[in-house]
1. Could you work out how much longer the chain between residue 125 and residue 12 gets when fully extended? Use 0.36 nm per residue separation minus the Cα distance between them, nm to one decimal.
2. In degrees from 0 to 90, rounded to the nearest 10, what is the angle of the helix 36-56 Cα long axis to the longest principal axis of the chain?
3. What is the helix-to-structure angle for 104-124, meaning the angle in degrees between its Cα long axis and the longest Cα principal axis of the chain, kept from 0 to 90 and rounded to the nearest 10?
4. If I take every Cα pair under 8 Å that is 6 or more residues apart in the chain, average their sequence separation and divide by the length, what percent do I get for the relative contact order?
5. Enter the angle in degrees (range 0 to 90, nearest 10) between the Cα long axis of helix 62-85 and the first principal axis of the Cα atoms of the chain, meaning the one along which they spread out most.
6. Build a GNM of the chain with springs between Cα atoms under 10 Å: which of 88, 22, 42 gets the top mean-square fluctuation?
7. Quick check on the chain: what does the Kirkwood estimate of hydrodynamic radius come out to from the alpha carbon pairs, in Å?
8. Using only helices, what value at 222 nm comes out for the chain when you add -39,500 (n - 2.57) per DSSP H run of length 4 or more and divide by the total residues, to the nearest 500 deg cm²/dmol?
């Protein structure tokens, strides 16, 4: 996969779940792997923006607080990798469903988005 470099894999459950050390210069699923330098600034902007939102916003619903907090954690985690190494370190490898290797920061971002979608869905009801 372009933008990802396989380093090492340790099967925890052979053929189902492995810990696989992968470096990823791109975003999700190695998208924008040629813009590695720009992605670190996007991560920084997202992190600063979410911190400012957290400090200034009042009256946020609990789903919004959790959602924005999880997205902040994921953006900061991936951003730290990008600034320190120039790439993100991915390691969660679900081979049973042939899903791209990802990390805990990616999980946080996706759970945060789910929380915000739940909030929006509740608001429409």
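1. 36.4 nm
2. Tilt of helix 36-56: around 30 degrees.
3. Helix 104-124 sits roughly 30 degrees off the main axis of the chain.
4. Working: 196 pairs, mean separation 35.9, N = 125.
The normalised contact order for the chain reaches 29 percent.
5. Rounded to the nearest ten degrees, it is 40.
6. Looking only at 88, 22, 42, the biggest GNM fluctuation is shown by 42.
7. 15.5
8. Details: 3 runs with 66 residues, N = 125.
Helix contribution divided over all residues of the chain: -18500 deg cm²/dmol.
Laboratory data are not the source of any read-out in this text; all were calculated from the coordinates shown. Treat the numbers as computed from the prediction; the structure is a model and nothing was measured.
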